[in-house]
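One structure is given here, and the rest of the page talks about it.
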Amino acid sequence: MLCQIARAQNAKLGSMILASPSDLAMWLTLLTAIAYAIPAVVADRMGPSLARRYLWLAWILHGSSLGLGFWAETPRFGFAPALSVTVWWVLTAYAVESQYFPQLRARWAMAALGSAAVMLAWYFPGQALQASNSFWLPLHWALGIASYGMFAAAVIHAALMTHAEKQIRLGNDNESGLPLLTLERLMFRFVWLGFVLLTLTLIAGLVFGEHLYGAAGARLKWDHKTVFSFLSWITFAVLLVGRSRFGWRGRKAVRVLYIGTGLLLLGYAGSRFVLEVVLGRVA
């Protein structure tokens, strides 16, 4: 009897000491947001090396937070987690890119974007995902989110390029740290990567639709997600053809990129935002 009471007391004490998964996720999200916010708030007073270390720490915490959410007992997903994963991919691309172009000055923007994405995903966790026995569904989602990340990185480079061009016209220094031609070349590299990943995502949806979504996916369903995804694919294809055949660059290329990215966002994140936030639905 005394042993049973002692075990019960120990179990109660253990439950008080050990954080629940939800508590752990909350603290991990908070730490991630703080790690992102520090270089964003005090970027001017922080050296490049220290700011880079904070971003690396935030990137690791961000990835851990995403992994904890996806491998939870009841994983959830929606427009905000999709944007959070997209931002994590953007930061991954930035981490790799900064090794080759250390003079690139975008730490403040990356840190602010990461902090906002993490808190948004915590506030809007999305809907609970149904269990799937298909191997292709996680791969399909991974390819789609990775394409989001590459196009988001292209958009950031386009914004940096546009801002640098305005600064040069005003006679000011280029604050991005990279020449315009380099920014443009990097932008199109990310567009190419995103286009390849988006193509693979669409092919996976077409070929393995039945494995992904059961009998409902056996036929091509022209819903808003499919229509906007194909429209974005066509837009990006036009951009790449215009670049290779007609030498599109500068403002024209940036406009087409923005249009294609907007269509892609409407395909999933935008529609999920309307359903989850505006209409208050979860399906």
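The values are calculated or read from the model by the stated rules, or taken from the named source; none is laboratory data. These numbers come from a predicted model, not from an experiment. Note: ideal-geometry Cβ built from the backbone for every residue, glycine included; neighbour counts use all protein chains shown.
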Pick from segment 25-64, criterion of a type in the set (Gly, Ala, Ser) and modelled with pLDDT of 85 or more, ranking: nearest to the chain's Cα centre (by Cα): Gly63
Exclusive hit being over 13 Å from Ala106 (Cβ atoms) and either β-branched (Val, Ile, Thr) or surrounded by fewer than 21 Cβ atoms within 10 Å (Cβ to Cβ) (or both), set Ile156, Ile145: Ile145
Conditions (1) loosely packed, with under 15 Cβ neighbours inside 10 Å; (2) in contact with a Pro (Cβ under 7 Å, 6 or more places away or on another chain); number of the one not met by Arg76: (1)
Top-ranked residue in segment 78-100 [being free of Cβ contacts under 8 Å to residues at least 60 places away in the same chain and either out of contact with any Leu (no Cβ under 9 Å at 6 or more places or on another chain) or not in a helix (DSSP H, G or I) (or both); ranked as farthest from Ala112 (Cα to Cα)]: Tyr100
Failed item, numbered, when Phe195 is tested on (1) modelled with pLDDT under 80; (2) surrounded by 15 or more Cβ atoms within 10 Å (Cβ to Cβ); (3) part of a helix (DSSP H, G or I); (4) of a type outside the set (Val, Ile, Thr): (1)
